[in-house]
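Where a number appears in this text, it was derived from the coordinates with a stated rule and is not lab data. Computed from a prediction, not measured in an experiment: that's the story for all the values here. Every residue, glycine among them, receives a Cβ derived from its backbone with ideal geometry; neighbour counts consider all protein chains shown.
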Amino acid sequence: MYEALEEVRACALNCHKCVLGKTRNNLVFSDGIPNSKLMLIGEAPGYNEDMQGKPFVGRAGQLLDKIFESVGLSREKDVYICNTVKCRPPENRDPLPEEKAACRSFLDKQIEILKPRLILLCGKVALTSFLPDLTVGITKVRGQWFDGPYGSKMMPIFHPSYLLRNPSHNPGSPKALMWEDIKKIKQAYEALNK
Ligand code: URA
């Protein structure tokens, strides 16, 4: 599995299918454990990720780690983390459809190799990449399980950057809803090991 992922990473490193490869500092391929039953797919690398070559290492990433830790999960032992695109879009804009399309084969390979049982679609870019026919936004579908590739279950969740912009903990707030979702995720993850 490790070798297969390394091969995909090597291909991504040499990829020039879109313009993002020209402006990025580092390829941001993945972090976390590769044999995980749990995969999180984010949007795209930001400044810190581009500088360090790892996904979710800035403020949003620190919050994501705290969310996982709140239910005893961690990227060191439970989660494989990657993004819909592997190179940073300039000025942190959303990746363009052609950039997502150019990068899609790498993401599909990561999924094919790992065959995660649970996939978290973190934010609207990841959501629309996998459930493009939905007519409602992430607020309506977060916390629900959908059928995913290779018999997996996929759950859309709020992006931690959105939670940073909405800090309230009141009932019904994005942070309160995220707390419900992460508990559901932990339950499903534990059920896999029974
Ligand atoms: N936001 C993302 O969606 N991915 C990252 O890697 C960092 C921030």
In the structure shown, of Lys109/Lys175; Lys17/Lys186; Lys37/Lys140; Lys115/Lys175, the pairs separated by more than 27 angstrom at the C-alpha atoms are Lys109/Lys175; Lys17/Lys186; Lys115/Lys175
Residue-normalised 222 nm signal for the chain, counting each DSSP H run of n ≥ 4 as -39,500 (n - 2.57), nearest 500 deg cm²/dmol, is -13000 deg cm²/dmol
Helix 174-192: inclination vs the chain longest Cα principal axis, degrees, rounded to 10, gives 80
So the compactness index of the chain, its C-alpha Rg divided by 2.2 N^0.38 Å, takes the value 0.96
Sparse-neighbourhood loop hits (trypsin sites (Lys or Arg not before Pro), the stretch 50-148; DSSP loop; Cβ within 10 Å at most 15 others) -> Lys77, Arg93
So, with points 7 Å from each Cα along the Cβ direction, the Phe146-His169 label distance in nm works out to 3.1
For Asn35 and Glu7, extending 7 Å from Cα along the Cα-Cβ vector and measuring point to point gives, in nm, a value of 2.0
Helix 2-13 sits off the longest principal axis of the Cα atoms of the chain, rounded to the nearest 10 on a 0 to 90 degree scale, by 60
From the Cα centre of the stretch 117-133 to that of the stretch 52-77, the distance in Å is 18
Here the FRET efficiency for Ala176 versus Asp133, based on Cβ atoms and R0 = 45 Å and rounded to 0.05, is 0.95
For the stretch 110-168, averaging the sequence separation of alpha carbon pairs under 8 Å that lie six or more residues apart and dividing by its residue count, the contact order in percent is 41
